[in-house]
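Asker: The structure under discussion is supplied below as structure tokens; questions concerning it will follow.
The values are calculated or read from the model by the stated rules, or taken from the named source; none is laboratory data. Because the structure is predicted, anything quoted here is derived from the model rather than measured. With ideal geometry, Cβ positions are generated from the backbone for all residues, glycine too; neighbour counts draw on all protein chains shown.
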Amino acid sequence: MKTILSAAALALSLGVSSTAMAAPVKIGMITTLSGGGAGLGVDTRDGFMLAIKRAGNEDVTVVIEDDAQKPEMAVQLADKMIQQENVDILTGIVWSNLLMAVQPGAVAQGKFYVSTNAAPAPLAGKGCSPLYFNAAYQNDNLHEAMGQYANEAHKKMFILAPNYPAGKDSLTGFKRYFKGEVVSEIYTKLGQTDYAAEIAQIRASGADGVFMFLPGGMGIAFMKQFAQSGVETPVMGPGFSFSQDVLPAIGDAALGVKNSGQWSHDLDNEANKTFVDAFKAEYNRLPSIYAMQGYDAAQMILSAAAKADVKDTDAFRAELLKADFQSPRGKFKFNTNQHPIQDIYVREVVKEGDTYTNKIVGTAFTDHGDAYAQDCKM
């Protein structure tokens, strides 16, 4: 179902003043709002719309559609948004296989794509484009951080991820920094919910640690089944697998698990305090990494639109490159491939009162870029 939202009308609920735009801008958000990955898309949408609401400008319109986690539907929606809705910018896709299907056609039609999450390696390297920006990271980054962290206590790791572009980037990133032995590397079916066979392999592997990237419902299913199995091998993963949107469903099985993120709700800076407080007030829950990334993607678009007409491609791109906004993650700038250079933290799942959440326990990388920027020629 299509949703069309005007920032000026929505801002009334927040009581915020309008931010002037250089010219009207229409944004098409395609994200996952149904099925097993819906929590990720809902948080992406809600974080994005929080920033839009806070801007409160009648010259900003957002069209929102549900891709149902289907590449063919995402492509159809993108074409409709470009050709019928006349959007200026596309955003919102969570899953890398969907972005790989949508991005080439979008930029070929002269539209900007600002990614809120998906960041597959081909689009960071040889397939980069002046019209494609990623406001989140490059897919490998958070997994690289856990590979680095695993070196502190582990010699033999069992690693697994879904068989799609982000899953492959995940394990590639982990192995890039882990110095020990990978005793088994498993790619599971995207959307899988039964992990009995994989858990049996972990039990028999002799590994002293498990790294898993299983976002959304996949991670919930794996962690619950892993806890029930009685296998005591420590589990770690990227922040996607232990994000705020899934922790309530995982429950105690997640406590103590280390995971990585370029952001956490306990980061001590004013922009983060503002974001977390505003998100809690608007939605009555803590934000997740997906929500923060959506919020920053919107902030980035708004900051550029305040200074340049989106139809002036060169001027608008120059403003996007400045990343002239206050990110809840703290310092942030773009690499030469228009992906972030940023700090990445190690977090631990804890329980604060009745709420499962993450707290920062260390820093894995400072000013970290990605391995593919050198292949991007723009």
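Asker: With the condition kept exactly as written, say whether any residue in segment 251-268 is in contact with a Ser or Thr (Cβ under 6 Å, 6 or more places away or on another chain), part of a loop (DSSP other than H, G, I, E, B) and either acidic (Asp, Glu) or not assigned by TED's automatic domain parsing to the domain that holds Ile159 (or both).
Answerer: Looking for residues that are in contact with a Ser or Thr (Cβ under 6 Å, 6 or more places away or on another chain), part of a loop (DSSP other than H, G, I, E, B) and either acidic (Asp, Glu) or not assigned by TED's automatic domain parsing to the domain that holds Ile159 (or both), one finds none in segment 251-268, hence no.
Asker: What tally of residues in segment 86-102 results from selecting those that are over 16 Å from the mean Cα position of the chain (by Cα) and polar (S, T, N, Q)?
Answerer: The number of residues fulfilling the criteria is 1.
Asker: So, Arg45, is that one assigned to a helix (DSSP H, G or I), of a type in the set (Lys, Arg), buried (at least 22 other Cβ atoms within 10 Å of the Cβ) and under 19 Å from the mean Cα position of the chain (by Cα) or not?
Answerer: So Arg45 passes the test.
Asker: Now, a different point. Quick check, is Asp343 within 19 Å of the chain's Cα centre (by Cα), modelled with pLDDT of 95 or more, outside any helix (DSSP H, G or I) and crowded, with 21+ Cβ neighbours inside 10 Å?
Answerer: Against the criterion (within 19 Å of the chain's Cα centre (by Cα), modelled with pLDDT of 95 or more, outside any helix (DSSP H, G or I) and crowded, with 21+ Cβ neighbours inside 10 Å), Asp343 does not qualify.
Asker: What are the residue pairs meeting all of these: first residue in segment 202-230, first residue in the same structural domain as Pro165 (by TED's automatic domain parsing) and at pLDDT 95 or above, second residue among the basic types (Lys, Arg) and assigned to a helix (DSSP H, G or I), Cβ atoms under 9 Å, and 6 or more apart or on different chains?
Answerer: Listed by first residue and then by second, the contacts come to Ser229/Arg203; Gly230/Arg203.
Asker: Let me confirm something: among Leu123, Leu131, Leu90, which residue is more than 18 Å from Asn335 (Cβ to Cβ) and out of contact with any His (no Cβ under 6 Å at 6 or more places or on another chain)?
Answerer: Leu90
Asker: Looking only at segment 355-375, decide whether some residue is in a loop (DSSP other than H, G, I, E, B) and touching a His at 6+ places or on another chain (Cβ under 6 Å).
Answerer: Scanning segment 355-375, I find at least one residue that is in a loop (DSSP other than H, G, I, E, B) and touching a His at 6+ places or on another chain (Cβ under 6 Å), so the answer is yes.
Asker: Quick one: how many residues across segment 304-333 are over 19 Å from Lys111 (Cβ atoms) and either not in a loop (DSSP other than H, G, I, E, B) or not aliphatic (A, V, I, L, M) (or both)?
Answerer: 12
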